[in-house]
Amino acid sequence: MEHSAGAVLFGYFPYGERKFLLLHYSSGHWDFAKGNVEVGETEVQAVIREIFEETGITDLRFVEGYIQSIFYKYRRDGNLVQKKVSFYLAQTPSRNIKLSNEHQDFLWADYHSALKTLTYRSARDVLISANNF
């Protein structure tokens with residue numbers, strides 16, 4: 001069992017337009033920033049660390065009361081791995097992104113564009129949930 005945590009990260013742009021940060025992973029899919037929770041870390045600590053490592057963003061404000069978990073299975077080295085990913089909702093005033101080598105691009109997208117860009121249905125469901133929250 002693997003446990004990861006991430007965030008639906010958003011910011012407000014000119015004219016009050018809310019945009020969501022999407023990352024283009026080297027494996028080809030578009031998703032939110034996330035990563036494994038390390039030993040001794042809370043989920044929130046993992047989110048803060050992963051956001052910094054993957055984007056360079058340090059100024060986050062978590063939206064209280066939102067957490068959405070997804071569960072899926074995948075194969076690694078011939079073994080079936082069960083994974084839980086807990087997503088939080090966070091806002092940032094930052095616009096400058098310093099991508100890690102895990103990603104090939106990023107996009108600040110409005111809600112409808114983000115829905116079209118996200119690769120996995122589970123990520124789209126998390127975005128819908130976060131946007132409605």
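Within the stretch 28-41, count every residue that is without any contact (Cβ under 8 Å) to a residue 60 or more places away in the chain, outside any loop (DSSP other than H, G, I, E, B) and open to solvent by less than 40 Å² (accessible area, probe 1.4 Å).
3
Looking at the stretch 8-15, can you tell me whether even one residue there is of a type in the set (Ser, Thr, Tyr), part of a strand (DSSP E or B) and closer than 17 Å to Val126 by Cβ?
Taking every residue of the stretch 8-15 in turn, none turns out to be of a type in the set (Ser, Thr, Tyr), part of a strand (DSSP E or B) and closer than 17 Å to Val126 by Cβ.
Residues of the stretch 110-130 being more than 13 Å from the chain's Cα centre (by Cα) and in contact (Cβ under 8 Å) with a residue 60 or more places away in the chain, which ones?
Within the stretch 110-130, Asp110, Tyr111, Thr117, Ser129 qualify.
Could you please find all residues in the stretch 42-61 being touching a helix residue (DSSP H, G or I) at 6+ places or on another chain (Cβ under 7 Å) and either polar (S, T, N, Q) or open to solvent by 40 Å² or more (accessible area, probe 1.4 Å) (or both)?
Listed by number, the residues that qualify are Thr58, Leu60.
Out of curiosity, is Asp77 of a type in the set (Asp, Glu) and either open to solvent by less than 70 Å² (accessible area, probe 1.4 Å) or under 16 Å from Lys34 (Cβ atoms) (or both)?
no
For the subset of the stretch 97-133 comprising residues that are surrounded by 15 or more Cβ atoms within 10 Å (Cβ to Cβ) and part of a strand (DSSP E or B), which member is modelled with the lowest pLDDT?
My answer is His103.
Kindly establish whether Ile70 is part of a strand (DSSP E or B) and surrounded by 13 or more Cβ atoms within 10 Å (Cβ to Cβ).
yes
The values are calculated or read from the model by the stated rules, or taken from the named source; none is laboratory data. The shown structure was predicted, so the numbers you read here are calculated from the model rather than taken from an experiment. Heads up, the Cβs are rebuilt from the backbone with ideal geometry, glycines too, and the neighbour counts pull from every protein chain shown. Each accessible area value is taken on the protein alone, full model and side chains, heavy atoms only, with ligands, DNA and RNA left out. Shrake-Rupley method; radii C 1.70, N 1.55, O 1.52, S 1.80 Å.
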